[in-house]
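Peer 1: Before I ask anything, let me first share the structure, which is written out below as structure tokens.
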Amino acid sequence: MHSLTQAIDLALQLIFSADPLLWAVVLRSLAVSMSACALACAIGLPLGAWLGVARFRGQVGVLALLNTALALPSVVVGLVLYLLLSRSGPLGFLGWLFSFQAMVLAQTVLVLPVAMALTRQVVHDAERDHGEQLQSLGASPWLRSFLLAWDERWALLTVVIACFSRAIAEVGAVMVVGGNIDGFTRVMTTAIALETSKGDLPLALALGMVLLVVVLLLHSAMAVLRRGSGRSSALGLA
């Protein structure tokens, strides 16, 4: 058992000595979360933008389901996907259980409601201010959603970062469907949980430090981009 100061010192040594085990887990974690974020945003941003301007019967129910999905417990998502992907499940033929693909799928399911809900709110707020102007020009709901989303692109970059942060910090679902297999499906969050339970605090702390630095760099880059852009409006709506 290490003292806190010893654990921190050893953790820093692991980071700066480019420990291969540490950085293999970090790179795998980044690959899984970036893939999931890309998939979730590719689906969620257009749908969320459309929900921000569309008016249809049952909309209140759809939004209630979407908001409920934001609070989905990750272990429940992992359990459902485990049952679907298991050999006896309907998707067992894919052979994805305990694989990279299963972890990407799990994170995508968890991140998709975040992408949709936050995008819908951004576009809905913009539509309240400028929707009538676009409607008077004959723009369809899909065209309005695209134009407003483009006009709010810097705010939507924040949505993308929020989605990536949600994905990379997730632990329950990826542990269930990925199996936390050393060298194959072990990512930062699952490795931190495992190494802490084993008492290997230096490795757990090193992974935690890298995880915090990744998130901090993302948010810092976003702040610089937003300040440099001046939030200019391509449509002249702002």
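Each reported figure results from applying straightforward, stated rules to the coordinates on display, with no laboratory input. Predicted, not measured: the structure shown is a model, and the values here were computed from it. Cβ coordinates were reconstructed from backbone atoms using ideal geometry, including for glycine residues, and neighbour counts include every protein chain displayed.
Peer 1: With the requirement that a residue be over 12 Å from A173 (Cα atoms), outside any helix (DSSP H, G or I) and aromatic (F, W, Y), what does segment 86-101 give you?
Peer 2: Listed by number, the list holds a single entry, W96.
Peer 1: On to the next question. Which residue out of A40, A18, A24 is farther than 30 Å from A126 by Cβ and within 24 Å of the chain's Cα centre (by Cα)?
Peer 2: Details: A40 fails: farther than 30 Å from A126 by Cβ; A18 fails: within 24 Å of the chain's Cα centre (by Cα).
Selected residue: A24, the only one of A40, A18, A24 that is farther than 30 Å from A126 by Cβ and within 24 Å of the chain's Cα centre (by Cα).
Peer 1: Tell me which of these T189 doesn't satisfy, since it passes every other one: (1) of a type outside the set (G, A, S); (2) under 23 Å from V224 (Cα atoms); (3) more than 12 Å from the chain's Cα centre (by Cα); (4) surrounded by 18 or more Cβ atoms within 10 Å (Cβ to Cβ).
Peer 2: Of everything listed in (1) of a type outside the set (G, A, S); (2) under 23 Å from V224 (Cα atoms); (3) more than 12 Å from the chain's Cα centre (by Cα); (4) surrounded by 18 or more Cβ atoms within 10 Å (Cβ to Cβ), T189 misses just condition (2).
Peer 1: Collect the residues in segment 192-212 that are exposed (fewer than 12 other Cβ atoms within 10 Å of the Cβ) and in a helix (DSSP H, G or I), keeping them in residue-number order. Explain how you work it out, then say what you get.
Peer 2: Going residue by residue through segment 192-212, those that are exposed (fewer than 12 other Cβ atoms within 10 Å of the Cβ) are 197-199, 212.
Scanning segment 192-212 gives S197, K198, L212.
Peer 1: Give the residues of segment 28-65 that are polar (S, T, N, Q) and farther than 25 Å from R144 by Cβ, sorted by residue number. Talk me through it step by step, then tell me what you get.
Peer 2: Narrowing segment 28-65 to residues polar (S, T, N, Q): 29, 33, 35, 59.
Once the filter is applied, which keeps residues that are polar (S, T, N, Q) and farther than 25 Å from R144 by Cβ, segment 28-65 yields S29, S33, S35.
Peer 1: I would also like to ask the following. Starting from segment 50-71, keep only residues that are touching a residue at least 60 places away in the same chain (Cβ under 8 Å), then list their pairs with residues that are hydrophobic (A, V, I, L, M, F, W, C) and in a helix (DSSP H, G or I) whose Cβ atoms are within a distance under 6 Å, requiring at least 6 positions of separation or different chains.
Peer 2: G52/V123
Peer 1: Related question: Are any residues in segment 3-41 of a type in the set (G, A, S) and touching a Gly at 6+ places or on another chain (Cβ under 9 Å), and if so, which ones?
Peer 2: First pass over segment 3-41, keeping only residues of a type in the set (G, A, S): 3, 7, 11, 17-18, 24, 29, 31, 33, 35-36, 38, 40.
Residues satisfying the conditions are A11, A24.
Peer 1: Out of segment 163-210, which residues are without any contact (Cβ under 8 Å) to a residue 40 or more places away in the chain and among the polar types (S, T, N, Q)?
Peer 2: N180, T190, T196, S197, listed by residue number.
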